[in-house]
Amino acid sequence: PEAIEIFNLHQEEQKEIMRAKKEAGIPHKKSTYIFTNRDGELFHPDSMRNGVKRLLEKAGLKTIRVHDLRHSHASILFEKDVDSKIIQTLLGHKDIKTTLNTYVKTSDTHKQKEVLKLSELISSTKPK
């Protein structure tokens, strides 16, 4: 909910920038992308990479590749029990194998949670 509110505010800001540029006669490309540069174009990969690196350094976090965020996103969704087909669709993969074998990594905590579920299932089906 909070993330959706932030995205909605961002979208409104983008619309306002487009209106102001149009009124001023400044060209601006209309885009369906969430994150664009000031001209409405996609960011150059180096800009994204450098921006993320600066944010991570400022936060005192380990530097990772921007693409690693896709892997983290998939793994977090999987651990939150989001359906694998939904994750596949969100990542834009044609094959579920790509999503599950390449992008989703399972943590020890998640494995333990699933083993516990199985144990509870077995215990609940024992004859009494």
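What is segment 60-128 by shape, rounded, prolate or oblate, if you read a ≥ b ≥ c off the alpha carbon gyration tensor as root eigenvalues and call it rounded for a/c under 1.5, prolate for a/b larger than b/c, and oblate otherwise?
It is oblate, given that a/c is not under 1.5 and a/b is not larger than b/c.
With only Lys, Arg, Asp and Glu charged, each at its Cβ (+1 for the first two, -1 for the last two), find how big the charge dipole of segment 4-128 is about the Cα centre; round to the nearest 20 debye.
260
With n ≥ 4 as the cut-off for DSSP H runs, can you work out [θ] at 222 nm for the chain, using -39500 (n - 2.57) per run divided by the number of residues, rounded to the nearest 500?
-19000 deg cm²/dmol
What distance in nm separates the simple spin-label points at Glu114 and Phe35, each placed 7 Å from Cα in the Cβ direction?
2.9
By how many degrees, 0 to 90 and rounded to 10, does the Cα axis of helix 108-125 deviate from the longest principal axis of the chain?
Result, in degrees: 40.
Tell me the relative contact order for the chain as a rounded percent, counting alpha carbon contacts under 8 Å between residues six or more apart.
Once divided by the residue count of the chain, the mean separation gives 12 percent.
Helix 45-58: angle to the longest alpha-carbon principal axis of the chain, degrees 0 to 90, nearest 10?
Between helix and principal axis, roughly 70 degrees.
May I ask for log10 I(q)/I(0) of the chain at q = 0.16, 0.22 Å⁻¹, from a Debye sum over the Cα atoms as equal point scatterers with solvent left out?
Calculated log10 I(q)/I(0) at the listed q: -1.06, -1.30.
For helix 68-79, report the angle its Cα long axis makes with the longest principal axis of the Cα atoms of the chain; keep it between 0 and 90° and round to the nearest 10°.
Compared with the principal axis, the helix lies near 40 degrees.
Pairs to check: Lys62/Lys105; Lys85/Lys117; Lys85/Lys105; Lys29/Lys80; Lys29/Lys58. Give those whose C-alpha atoms are more than 26 Å from each other in this structure.
Those over the limit are Lys29/Lys80; Lys29/Lys58.
Suppose all protein chains stay in the model; what accessible area per residue would a 1.4 Å probe give for the chain, in Å²?
Dividing the accessible area of the chain by its residue count gives 83 Å².
Relative to the present Cα-Cα distance, how much length would full extension add between Glu23 and Ile64 at 0.36 nm per residue of separation?
10.7 nm
The values are calculated or read from the model by the stated rules, or taken from the named source; none is laboratory data. This is a predicted model, so every value here is computed, not measured. We place every Cβ from the backbone using ideal geometry, glycine too, and count neighbours over all the protein chains shown. Only protein heavy atoms, including side chains, enter the accessible area calculation; ligands, DNA and RNA are left aside. Shrake-Rupley method; radii C 1.70, N 1.55, O 1.52, S 1.80 Å.
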